[in-house]
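Engineer: Before I ask anything, here is the structure I am working with.
The values are calculated or read from the model by the stated rules, or taken from the named source; none is laboratory data. These figures come from a predicted structure and were not determined experimentally. Cβ: placed from backbone, ideal geometry, glycine included. Neighbour counts: every protein chain shown. Only protein heavy atoms, including side chains, enter the accessible area calculation; ligands, DNA and RNA are left aside. Shrake-Rupley method; radii C 1.70, N 1.55, O 1.52, S 1.80 Å.
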Amino acid sequence: MEGSKLENTIASAVMKVATEVVGDQIRKEVHSLRNVDKEIVKLSNDLNKVREILEDAEKKGPFEDKMVKDWLEKLEETYCEMKQVLEEWDSTHTKGDHHKHLSFIPSSPLHIKDRHDMAKKIKIVEAKLDAVLAEKNRYGFHIVAAASTS
């Protein structure tokens, strides 16, 4: 009987932890699906900032320092990936009627899958941008904002 009671206690503890982990993962996925629209706006804003940096670098270049050149190439690759994700979002939201609204209420399982796939792509490209920007900080590069002409 003692062994059975111990097994039940262990099984109960394992089930409690598993339920918490699965529940937490589900909450994260739902949050991710709900926030795709916000993440698209953030990605679009980041894309504009990166474009400005690249345009400014083009005006100031060419650069002799290989580390600067390599970093700018990584930034440009990331820019292209960001742009591709946004173009894919735009194309999926102009295809069918069920994609035209921005509400979280899905009209089909396909809509949920599209949003889930997009959320994953955004996370990946944002992580890549964060890594490129962290590299800038590690090497001590400074981005100087261009003076606005009014």
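Engineer: Only loop residues by DSSP count here, and only those with at most 16 other Cβ atoms within 10 Å; note down the chymotrypsin sites (Phe, Trp or Tyr not before Pro) in segment 41-82 that meet that.
Structural biologist: Taking segment 41-82 and a limit of 16 other Cβ atoms within 10 Å, the loop chymotrypsin sites (Phe, Trp or Tyr not before Pro) found are Phe63.
Engineer: Quick check: with the 1.4 Å probe, what order do His142, His116 take by accessible area, largest first? Working shown, then result.
Structural biologist: Numbers: His142 160, His116 60 Å².
Reading off the accessible areas and sorting them downward yields His142, His116.
Engineer: Expressed in nm to one decimal, what extension gain is obtained for the pair Lys5 and Lys66 from 0.36 nm per residue of sequence separation less their Cα-Cα distance?
Structural biologist: Gain in length upon complete extension: 15.3 nm.
Engineer: How large is the accessible surface of Arg51 in square angstrom, using a 1.4 angstrom probe and rounding to the nearest 10?
Structural biologist: 80
Engineer: Still on this model: Round to the nearest 0.05 the FRET efficiency obtained for His116 and Lys49 when R0 = 30 Å and r is the Cβ-Cβ distance.
Structural biologist: Once the sixth-power term is evaluated, E becomes 0.65.
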